[in-house]
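None of the figures in this text is laboratory data; all of them are computed from the coordinates on show. Quick caveat, the model's predicted, so the values are computed rather than measured. We place every Cβ from the backbone using ideal geometry, glycine too, and count neighbours over all the protein chains shown.
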Amino acid sequence: MRPHITYIHQKERKGFGHAVWLTKKFADGEPVLLLLGDFVYRSNTAESCSKQIIDAYKECGRTLVSIMEVPIERVVHYGILHGVWDEDEEIMKVDKMVEKPMDDYAKEYLGVKNKRGERKYYATFGQYVLTREVYDELEKEINSGKPSEGKEFGLTGALDRVRENCGMYGFVPKGKAFDIGLPDAYRETMINYCK
Ligand code: G1P
């Protein structure tokens with residue numbers, strides 16, 4: 001494996017978006033599949049969730065994020081997006097994205113109705129296909145010296161600007177996604193992963 005592994009060290013804590021931007025040279029203008037280390041996916045089909053996400057990207061040709069439904073109590077932990085479903089409720093054309101919103105804000109602005117008329121909330125969940133425009137937006141933000149998330153350069157702000165300028169999609173892979181980056185979620189993953 002060794003010859004195939006490239007790594008880069010983020011020397012200062014400047015945020016998730018900054019860490020992604022450090023891989024710009026590696027990406028070299030190509031679309032990149034970004035997988036976060038604190039999420040685990042299990043596919044329900046013969047194809048891995050990552051393969052499904054890449055195929056969905058090929059269909060849409062735009063920046064695309066993997067999404068999962070989350071209960072309202074958990075919206076505060078994730079980037080939450082709002083948009084319009086396709087016929088199969090598999091691909092969503094995103095029209096808004098907010099990083100870790102309060103639940104009352106999410107209730108007012110970020111609920112997405114499904115075919116049964118139920119209001120649901122969707123989080124970006126650890127897998128992204130990033131196009132070169134995302135790197136361009138991150139670079140603009142970093143060069144401006146004005147971080148979008150407190151003292152940190154986030155990814156969500158850059159994604160939302162790309163969404164506005166070029167369009168963006170959310171995709172629900174056929175499978176189950178588990179968060180292992182939060183203590184409660186990690187516990188739930190331990191209990192539910194093999195079920
Ligand atoms: C990051 C993002 C968030 C996203 C999550 C999972 O959060 O900032 O928008 O929902 O990854 O993809 P973190 O896990 O760093 O708190």
What FRET efficiency do you get for E87 and K14 if R0 is 41 Å and r is their Cβ-Cβ distance, rounded to the nearest 0.05?
0.50
Additional length obtainable on full extension of the chain from E73 to K107, 0.36 nm per residue less Cα span
11.2 nm
Using Cα-Cα distances under 8 Å and only pairs 6 or more residues apart, what relative contact order does the chain have, in percent?
34 percent
Run the reach check for K96 against lysines, Cα to Cα strictly under 18 Å, same-chain hits fewer than 8 apart removed. What comes back?
K107, K113, K120
Karplus-derived HN-Hα couplings along region 86-94 (A = 6.51, B = -1.76, C = 1.60, θ = phi - 60°), whole Hz, x at Gly and Pro:
7, 3, 8, 6, 10, 10, 10, 7, 7
Built amide H within the under 5 Å cut-off of S148, gap 5+
G154
Rounded to the nearest 5, what % of the DSSP beta bridges within the chain are antiparallel ones?
90 percent
List the lysines whose Cα lies under 22 Å from the Cα of K195, skipping any in the same chain that are fewer than 8 positions away.
K174, K176
Excluding residues on the same chain fewer than 8 positions from K25, give the lysines whose Cα lies under 28 Å from its Cα.
K11, K14, K51, K58, K140, K146, K151
Selected from G167, G79, G145 as most flexible by GNM, with the chain as the system and alpha-carbon contacts under 10 Å
G145
Sequence-distant residues sharing a close amide H with G83 (under 5 Å, placed H):
D95
Assertion target for C194, C60, C49, C166, ordered by fewest C-beta neighbours within 10 angstrom first, is C194, C166, C60, C49
Taking θ = phi - 60°, what integer Hz values does the Karplus form 6.51 cos²θ - 1.76 cosθ + 1.60 yield along region 25-41, in sequence order, with x for Gly and Pro?
5, 4, 5, 6, x, 8, x, 10, 8, 9, 10, 7, x, 9, 10, 10, 10
Mean residue ellipticity at 222 nm from the helices of the chain, using -39,500 (n - 2.57) per DSSP H segment of n ≥ 4 over the full residue count, to the nearest 500 deg cm²/dmol?
-9000 deg cm²/dmol
Would you mind calculating the relative contact order of region 116-176 from Cα pairs under 8 angstrom and at least 6 residues apart, reporting the percent as a whole number?
28 percent
Relative contact order, percent, region 89-195 [alpha-carbon distance under 8 Å, six or more residues apart]
34 percent
Residues of region 102-144 with backbone N under 19 Å of the label point set 7 Å from the Cα of L35 along Cα→Cβ are 124-131
